[in-house]
Amino acid sequence: MRHLVLLGALALTGCNGSLGGNTASPTPTPTATATEASAPKVVMLRAGDGLTVFARLYAAKKPKALILLFHQAGSSKDEYATIAPRLAKAGYTSLAVDARVGGTLFGINETAAALKTSDYIEAQKDMQAALIWAEPQNLPIILWGSSYSASLVFPLSEVNPGKVSAILAFSPGEYFDDKQLIQQAAADANMPVFITSASTSDEIAAAGKIAAAVPGGRAQHYVPKVGVHGSSTLIATKDPKGAEDNWAAVMAFLKKVAP
């Protein structure tokens, strides 16, 4: 199938080990206190082509699951600087990843600084490295994508059968040359899926098509009253009128799939 070529060679490697085992010095954050979660730590992964992929680990005290956070175009792991601490407080450890297809929208993308590309598909190598790193952590793995990465979490899950417990996709769409690529991959999703978007008609329609492709009624298509593009729909400064309602929907889904 055409969508199976996305990852190319699947002999991709991550830096394995226990949570925090491949970390550098902690990076402070103003939104998480010592009573909520450990200070975030730098994690360095290695993609199958040898590229070092930078990430930041936000560890919950008693984690219910491990969420892999992937950013939108022109962005970085700092897209999750306010989101990940809130997830940790709720009991969800997360790894925010700098993909090579990114930029400085929220902060410096350390991976893209070393090797920046405009080919979105190339980010799959970095996403795969994160998934390989997550496997030995002995927690349910949840994929979370924003914009282009919200689309790519579907083929990532497809070529890693049995490894993903749930998916959250914020503003997915058919952003690639093959305009059926993501729907085809979504048709193989056998886990719970949460799909949302901005509150614009075009984004709602694009998300709805992908949600409809997920079989067995496994997809929840959440249409926000007020929403913005990608994971920014949960950031109060980006979506002041809708962020809290959208958070409520996300947390309700997480409590179902990883209580």
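Between rounded, prolate and oblate, where does region 109-259 land on the alpha carbon gyration tensor, with a ≥ b ≥ c its root eigenvalues, rounded for a/c under 1.5, else prolate if a/b exceeds b/c?
Details: a/c = 1.28, a/b = 1.17, b/c = 1.09.
Verdict is rounded for region 109-259.
Give me the net charge of VAL257's neighbourhood, meaning all other residues with Cβ under 12 Å from the Cβ of VAL257; Lys, Arg count +1, Asp, Glu -1.
So the environment of VAL257 carries a net charge of +4.
Can you tell me, using C-alpha contacts under 8 Å and at least 6 residues apart, the relative contact order of region 42-147 as a whole percent?
Reported as a whole number, the value is 34 percent.
Can you compute the charge dipole magnitude of the chain about its Cα centre, using +1 on each Lys and Arg Cβ and -1 on each Asp and Glu Cβ, nothing else charged? Give it in debye, rounded to the nearest 20.
That gives a dipole near 760 debye.
Given contacts defined as C-alpha pairs under 8 Å and at least six residues apart, what's the relative contact order of region 154-228, whole-number percent?
Computed value for region 154-228: 33 percent relative contact order.
Output ³J(HN,Hα) for region 201-206: one whole-Hz value per residue in order, computed from phi by the Karplus curve 6.51 cos²θ - 1.76 cosθ + 1.60 with θ = phi - 60°, and x for Gly and Pro.
4, 5, 5, 4, 5, 5
Once the Cα atoms of the chain are picked out, what are the Rg and Dmax in Å?
Over the chain's Cα set, Rg and Dmax evaluate to 16.4, 48 Å.
Just need the relative contact order of the chain here, percent rounded to a whole number, with Cα pairs under 8 Å and 6+ apart. Don't skip to the end; give the middle numbers.
Working: 615 pairs, mean separation 39.2, N = 259.
Dividing the mean separation by the residue count of the chain yields 15 percent.
Roughly what % antiparallel, to the nearest 5, for the DSSP beta bridges in the chain?
That works out to approximately 35 percent antiparallel.
Taking a 27 Å limit on the Cα-Cα distance, which of the listed pairs LYS163/LYS255; LYS62/LYS125; LYS179/LYS241; LYS77/LYS163; LYS41/LYS116; LYS125/LYS163 fall beyond it?
Over 27 Å Cα-Cα: LYS62/LYS125; LYS179/LYS241.
For region 59-163, take the convex hull of the Cα atoms, compute a quarter of its surface area, and give me that in nm², please.
It is 6.1 nm².
Grab the alpha carbons of region 125-185, take their convex hull, and tell me the volume per residue in Å³. Walk me through the intermediate numbers first.
Numbers: hull volume 4.7 nm³, N = 61.
Dividing the Cα hull volume of region 125-185 by its residues yields 77 Å³.
Every read-out reported here was derived from the displayed coordinates using simple, explicitly stated rules and does not represent laboratory data. The model shown is predicted, which means the values in this text are computed figures rather than measured ones. Ideal geometry is used to build each Cβ from the backbone, glycine not excepted, and the neighbour counts take in all protein chains shown.
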